[in-house]
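This report refers to the structure that appears directly beneath it.
Every number in this text was worked out from the coordinates using simple rules, so none of it is lab data. The structure presented is a predicted model; accordingly, all values stated were derived computationally and were not measured. Glycine also receives a Cβ, built like all others from the backbone with ideal geometry; neighbour counts cover every protein chain displayed.
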Amino acid sequence: MRCFYHANRDASGICPQCGRAACRACLRDAGSIVICPNCADLRIKATEAASRQHLNDRQAIINRAKRQISVSHVVFIAAFALSASGIAGIFLRGTPVHAPLSAHISGIAFNGLTGSLSVAYSVWSMYWGIPPFWRFLMRARARMGIMLVNPFMWIGFFFLVMVSMIAGVYASLFGSGIFQYIKRWKLAVGRF
């Protein structure tokens, strides 16, 4: 039998992938098997394609995390601005006219700032904290499937939704939002 790649040489083996005969100079070691040059090139191209796909997937994860972080910043700023304007309006309307201007300004500055920051943090943390609970609910609903035909199952699912949403709000306010933000930040900088 002659080598497929060199017609003047005797074959020393057959490629297990394509079945072509090849001489000792042509055969390539591919770990546990010996393959021909054509199959070796195909294997290298497949490895490079898988590596490129992995890098593309990784970059998509990084871009998504960066987008989520940017949106969370906009949510925080919008919540802060809306609550600050609302709190300032309440203080300006509620203070007596005969009070000194410095009392107006200091009251608005301190109370408005602390109130606005707490409202903005609450909205921001719910932006991060509620989606994991929502995904849990959707997975639970998918597992229930046909059982939701029964009206009593709807009542149970409604109760599950309400308890989960309340738990999601409280969990997000007490650290889940910060945890989710840090998790996305690590993804955005490529630590995963």
Vicinal HN-Hα couplings computed from phi for the stretch 20-30 (Karplus, 6.51 cos²θ - 1.76 cosθ + 1.60; Hz; Gly/Pro x): 7, 7, 9, 7, 4, 5, 8, 5, 10, 7, 10
query: So what are the ³J(HN,Hα) numbers for the stretch 175-189, from phi and the Karplus equation (6.51, -1.76, 1.60; θ = phi - 60°), rounded to whole Hz, Gly and Pro as x?
result: x, 5, x, 5, 4, 5, 5, 5, 4, 5, 4, 5, 5, 5, 8
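Order these by the 10 Å Cβ neighbour count, fewest first: TYR121, TYR127.
Sorted ascending by nearby Cβ count, the order is TYR121, TYR127.
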- request: Please arrange MET126, MET1, MET165 by counting, for each residue, the other beta carbons lying within 10 Å of its beta carbon, fewest first.
  value: MET1, MET165, MET126
- prompt: Can you list the residues, at least 5 places off or on another chain, whose amide H is less than 5 Å from the amide H of HIS6, using H built in the peptide plane?
  reply: CYS23
Set of lysines near LYS66 by C-alpha distance (under 17 Å), chain-local residues within fewer than 8 positions excluded: LYS183, LYS186
